[in-house]
1. Answer with yes or no whether K44 is assigned by TED's automatic domain parsing to the domain that holds I147, farther than 23 Å from T10 by Cα and in contact with a Gly (Cβ under 9 Å, 6 or more places away or on another chain).
2. Within region 133-164, which residues are out of contact with any helix residue (DSSP H, G or I) (no Cβ under 8 Å at 6 or more places or on another chain) and surrounded by fewer than 21 Cβ atoms within 10 Å (Cβ to Cβ)?
3. Counting residues that are without any contact (Cβ under 8 Å) to a residue 60 or more places away in the chain and either under 21 Å from V228 (Cβ atoms) or not assigned by TED's automatic domain parsing to the domain that holds R62 (or both), which helices (runs of 4 or more DSSP H) fully inside region 344-414 reach at least 3?
4. Would you mind listing the helices (runs of 4 or more DSSP H) fully within region 24-95 where at least 1 residues are modelled with pLDDT under 95 and over 22 Å from the mean Cα position of the chain (by Cα)?
5. Quick one: would you say D105 is within 30 Å of S305 (Cβ to Cβ), in a loop (DSSP other than H, G, I, E, B) and either of a type in the set (D, E, K, R) or under 18 Å from the mean Cα position of the chain (by Cα) (or both)?
6. Which pairs turn up if I take residues in region 28-44 that are touching a residue at least 60 places away in the same chain (Cβ under 8 Å) and look for partners that are among the hydrophobic types (A, V, I, L, M, F, W, C) and surrounded by fewer than 16 Cβ atoms within 10 Å (Cβ to Cβ) with beta carbon separation below 8 Å, at least 6 apart in sequence or on another chain?
7. Taking region 236-289 on its own, how many of its residues are part of a loop (DSSP other than H, G, I, E, B) and not hydroxyl-bearing (S, T, Y)?
8. For region 112-155, enumerate the residues that are part of a helix (DSSP H, G or I) and farther than 15 Å from F170 by Cα.
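The values are calculated or read from the model by the stated rules, or taken from the named source; none is laboratory data. From a predicted model like this one, the values you see are computed outputs, not experimental measurements. Every residue, glycine among them, receives a Cβ derived from its backbone with ideal geometry; neighbour counts consider all protein chains shown.
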Amino acid sequence: MYFTYTLILTLGLALSLPYYLARFRKYAPTLRDRLGLLKLPRLKDAIWVHAVSVGEVKAVERLVERLRQQFPGAPLVVSTATPTGQQLARERRDVIDHTFYFPIDLPWCVRRTVERIGPKMVIIAETEIWPNFLRACRRRSIPVVMINGRISDRSFARYRLVRRWLRRVFEDYTVIGMQSEMDRRRIEAIGADPEKVTVFGNLKYDAAGASRPVEPTLAGILESWNPVWIAASTMPGEEELVLDAFADLRASHPRLKLVIAPRHAHRFDEVEEIIKRRHVAYARRTRPDAAGDVLLLDTIGELASIFQYATVVFMGGSLVPTGGHNVLEPARYRKPIVFGPHMENFRDMARLFLDAKAAVQIQRAAELTPTIRKLLSNAAMASELGQNAHGIVRENSGATDRVLRFLQPVEARR
């Protein structure tokens with residue numbers, strides 16, 4: 001089965017790579033790392049943390065800081081799969097020794113990377129299944145720990161089709177740490193050994209307590225705006241809906257300002273064109289102007305910190321079927337949160353917030369305008385939602401401590 005997997009992956013890469021590099025040129029500079037040709041010194045006994053993209057890097061940020069304290073003499077490295085995740089990781093050079101892109105899961109790429117990094121332990125954020133990488137680590141007696149694992153409804157259906165093979169792949173994990181009991185049951189149902197599976201909780205609850213100072217120019221603009229609606233992590237098809245609602249809301253709230261933060265950096269120019277077509281006064285974060293009514297946040301890593309200026313927050317990726325996004329960052333600042341029907345990737349979190357009256361869920365785009373208007377007009381309701389949201393963050397923190405307590409004996413197993 002490993003041979004078949006490797007053959008299919010090799011053929012797929014050979015056929016798609018030219019198109020991939022032409023279509024997404026930003027990935028071309030990452031190819032050297034992905035092939036295992038790292039421009040790093042040969043390391044020994046490194047602690048290797050893998051975090052796919054921005055969300056995962058944010059989730060492990062507190063953990064990485066604590067790992068630096070717990071293993072002060074070990075090289076601490078972080079790999080990512082996306083340029084935006086890499087950019088965010090590089091900003092933490094105060095605790096991270098080296099960053100690089102995760103290798104393509106081909107035996108020769110994996111072997112070169114593992115030999116260069118020389119890890120004594122690998123920590124993988126969320127449910128990453130790379131058979132050749134896991135196999136290479138097991139053959140070298142390198143413990144591999146999954147943290148913050150989750151299995152979405154969609155992934156569960158797909159994984160069930162190959163659970164017989166996944167059973168063999170999961171054997172190469174030393175520990176499989178999941179976010180919830182449901183995630184535990186699901187990963188066991190697709191082949192994971194119950195003896196290896198545990199529940200650490202969700203590290204993102206801890207990450208919600210960490211933010212960075214807001215750049216003074218941006219802070220000055222946002223402090224001068226009131227009220228402020230932040231449409232966070234928007235996906236294709238949502239910006240138009242948000243701008244339509246904003247135009248309607250300005251009739252009853254003429255001082256309202258809007259911050260749109262697209263989820264993906266490659267869409268910044270596209271979203272600017274959408275805003276331009278509405279003939280609304282706007283500015284980009286990289287070209288700030290307090291006179292605008294709309295601010296396009298075209299940077300990576302600032303959104304978490306600017307939630308403090310919001311009057312109300314709409315969490316994107318939820319009005320279109322993309323699974324939703326993490327609501328913990330605005331919750332930390334006691335902000336009223338609105339999201340749509342598509343929160344499949346954060347089902348447990350969404351249910352927790354709704355049950356605690358800590359967020360409002362709308363079922364269709366037509367409900368966006370009246371819901372935002374109600375929260376802008378009803379300060380008591382908005383405050384109650386925000387306080388309840390903050391309470392959830394406070395009550396569910398602690399996953400980082402649980403992971404760290406577990407890692408000490410795992411590292412000693414080698």
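1. Working: assigned by TED's automatic domain parsing to the domain that holds I147: yes; farther than 23 Å from T10 by Cα: yes; in contact with a Gly (Cβ under 9 Å, 6 or more places away or on another chain): yes.
Criteria met by K44.
2. Pass one, region 133-164, residues out of contact with any helix residue (DSSP H, G or I) (no Cβ under 8 Å at 6 or more places or on another chain): 138-139, 141, 146, 155, 157-158, 161-162, 164.
Residues satisfying the conditions are R138, R139, S141, S155, A157, R158, L161, V162, R164.
3. Working: elements: 347-355, 368-377, 379-396, 399-412.
Here the list reads 347-355, 368-377, 379-396.
4. Values: elements: 31-34, 54-70, 83-90.
Output list reads 31-34, 54-70.
5. Working: within 30 Å of S305 (Cβ to Cβ): no; in a loop (DSSP other than H, G, I, E, B): yes; either of a type in the set (D, E, K, R) or under 18 Å from the mean Cα position of the chain (by Cα) (or both): yes.
Judged against the criteria, D105 is not a match.
6. Note: pairs meeting the criteria are G36/W108.
7. Taking region 236-289 first, the residues part of a loop (DSSP other than H, G, I, E, B) are 236-237, 253-256, 263-264, 277-281, 285-286, 288-289.
Restricting the remaining residues to those that are not hydroxyl-bearing (S, T, Y) gives 236-237, 253-256, 263-264, 277-281, 285, 288-289.
Here the count works out to 16.
8. As a first pass, look at region 112-155 and keep what is part of a helix (DSSP H, G or I): 112-117, 131-139, 153-155.
Answer for region 112-155, where residues must be part of a helix (DSSP H, G or I) and farther than 15 Å from F170 by Cα: R112, T113, V114, E115, R116, I117, D153, R154, S155.
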